[in-house]
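Trainee: There's a structure below that I have some questions on.
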Amino acid sequence: MEKIFNFEDRLVRFAGECIFFTRQLERLFENEYYKNQLIRSSGSASLNFGEAQGTITDKDFIFKVSLVVKELKESRNSLKILDYIKEGDSDKRSKLLIEVEQLIAISSKMIINKK
């Protein structure tokens, strides 16, 4: 994946790559459950960051970015479960897990910097 330095763009790409990843999963009940969770949480992280950019106070910004962190951690957990059961392309799973860790670290640092 090409390196992107804009955080919003990275969140959008992450959500999109999660969709591409889930499209390749076999249609099993358990895959559908975690696929839906992953799509919702990764997309929600991106949308919440969009809302954070429109906040007026630091307190509101911290709250919205905290939601981004929460959704990213949920995405990470879904990916870890799919990794544990060896579903989907292993290389793609690994890249998504690395990216979500980096996104969590960046958004957590944003919160610390605003405090």
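The values are calculated or read from the model by the stated rules, or taken from the named source; none is laboratory data. Since we're looking at a predicted model, the values are computed, not measured. Cβ placement follows ideal geometry from the backbone for every residue including glycine, while neighbour counts extend to all protein chains displayed. Heavy atoms of the whole protein, side chains included, go into the accessibility calculation; ligands, DNA and RNA do not. Shrake-Rupley method; radii C 1.70, N 1.55, O 1.52, S 1.80 Å.
Trainee: Starting from 0 in steps of 5 Å, tell me what percent of the Cα-Cα pairs of region 25-89 lands in each bin.
Mentor: With a bin width of 5 Å, the distribution comes to 4, 19, 24, 17, 12, 10, 7, 5, 2.
Trainee: Helix 29-52: angle to the longest alpha-carbon principal axis of the chain, degrees 0 to 90, nearest 10?
Mentor: Once rounded, the angle reads 20 degrees.
Trainee: While we're looking at this one, here's another question. Within 10 Å, count the other beta carbons around each residue, average over each peptide in 33-44, 67-78, 15-26, 48-59, and list them highest first. Working shown, then result.
Mentor: Details: 33-44: 19.6, 67-78: 21.1, 15-26: 15.8, 48-59: 13.7.
By packing density, highest mean first, the sequence is 67-78, 33-44, 15-26, 48-59.
Trainee: Tell me which of Asn113, Ile19, Leu79 sits at the most positive position along the dipole axis of the chain, charges placed on C-beta atoms (Lys, Arg +1; Asp, Glu -1).
Mentor: Asn113
Trainee: In addition: Give me P(r) over the chain, computed from all C-alpha to C-alpha distances, binned every 10 Å, as integer percentages.
Mentor: Over the chain, the share of Cα pairs per 10 Å bin runs 14, 48, 27, 10, 1 percent.
Trainee: So how strong a dipole does the chain carry about its Cα centre when Lys and Arg Cβ are +1 and Asp and Glu Cβ are -1, to the nearest 20 debye?
Mentor: Here the size comes out at about 280 debye.
Trainee: Mind scanning Lys59/Lys92; Lys92/Lys115; Lys35/Lys109; Lys35/Lys115; Lys35/Lys64 and naming the pairs with a C-alpha gap bigger than 32 Å? Write down the numbers at each step before the final one.
Mentor: On the way: Lys59/Lys92 36 Å; Lys92/Lys115 35 Å; Lys35/Lys109 28 Å; Lys35/Lys115 35 Å; Lys35/Lys64 24 Å.
Exceeds cut-off: Lys59/Lys92; Lys92/Lys115; Lys35/Lys115.
Trainee: Quick one: 3J(HN,Hα) in Hz for region 83-92, Karplus 6.51/-1.76/1.60 with θ = phi - 60°, rounded, Gly and Pro as x.
Mentor: 5, 4, 8, 6, 9, x, 5, 5, 5, 5
Trainee: Using only alpha carbon pairs under 8 Å that are at least six residues apart, calculate the relative contact order of region 35-96 and give it in whole percent.
Mentor: Details: 43 pairs, mean separation 22.6, N = 62.
With pairs under 8 Å counted, the relative contact order is 36 percent.
Trainee: May I ask you to give the solvent-accessible area per residue for the chain, in square angstrom, as obtained with a 1.4 angstrom probe? Display every interim value, and only then the final one.
Mentor: Values: 6900 Å² over 115 residues.
That works out to 60 Å² per residue.
Trainee: Still on this model: Restricting to Cα pairs below 8 Å that are 6+ residues apart, what does the relative contact order work out to for the chain? Please round to a whole percent.
Mentor: On the way: 112 pairs, mean separation 35.6, N = 115.
Value for the chain: 31 percent.
Trainee: Right, another one. Can you send over the carbon and sulfur percentage of the accessible area for the chain, probe radius 1.4 Å, protein chains only?
Mentor: Details: 3730 of 6900 Å².
Carbon with sulfur: 54 percent of the solvent-accessible area.
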